[in-house]
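Input: a single structure, listed below in structure tokens.
The values are calculated or read from the model by the stated rules, or taken from the named source; none is laboratory data. The shown structure was predicted, so the numbers you read here are calculated from the model rather than taken from an experiment. Neighbour counts are summed over all protein chains in view; Cβ atoms, including those assigned to glycine, are modelled from backbone coordinates with ideal geometry.
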Amino acid sequence: MKCPGCGYLESKVIDSRPVSDNNSIRRRRECLECKRRFTTYEVIDSVQIVVIKKNGSKEFFDRIKLESGLIKACQKRPVDTSALAQEIETELQNSLRSEITTTEIGEIIMDKLKKLDAVSYVRFASVYREFKDVATFMDELKRLNNKK
């Protein structure tokens, strides 16, 4: 870290603490040459994920859209949709992929909902898989019931 006083490139960290948003760290540093103290902030640099939609168009990942879909599927169910959306977003960020399809995101959501709440899973799957009739809906329910 370059000292703002003398320009020396070496410093030591005296104190570190997270900033209130938990996405950055405040560091108090001391220059090893002139002994001047200064503060730096480190911010997590995340990859902007591009979502490839079914029609081939692309758009940036939007957590609000993800959370909105989860809220609809989990309405009046004991599922913390905000925490689930955060977990899914973190998983996508940790994959280090710059592009992902809506199909892959949908599968991730269904896997997580299946483990958390069967009713929410069926609600989400009915929209996501575009059930055409009652028979396909019943097939999914039977598959879910057989896995228990």
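Observations
- Residue identified as basic (Lys, Arg), within 27 Å of Val19 (Cβ to Cβ) and either more than 18 Å from the chain's Cα centre (by Cα) or exposed (fewer than 13 other Cβ atoms within 10 Å of the Cβ) (or both) among Lys72, Lys35: Lys35
- From Ser95, Ser57, residue being of a type in the set (Gly, Ala, Ser), in the same structural domain as Ser126 (by TED's automatic domain parsing) and modelled with pLDDT of 95 or more: Ser57
- In region 1-15, residue surrounded by the most Cβ atoms within 10 Å (Cβ to Cβ) [restricted to those that are over 35 Å from the mean Cα position of the chain (by Cα) and either within 15 Å of Glu42 (Cα to Cα) or of a type in the set (A, V, I, L, M, F, W, C) (or both)]: Cys3
- Residues located in region 12-34, provided they are outside any strand (DSSP E or B) and at pLDDT below 95: Val19, Ser20, Asp21, Asn22, Asn23
- Residue selected from region 85-125 under the condition small (Gly, Ala, Ser) and without any contact (Cβ under 8 Å) to a residue 40 or more places away in the chain, by the criterion surrounded by the fewest Cβ atoms within 10 Å (Cβ to Cβ): Ser95
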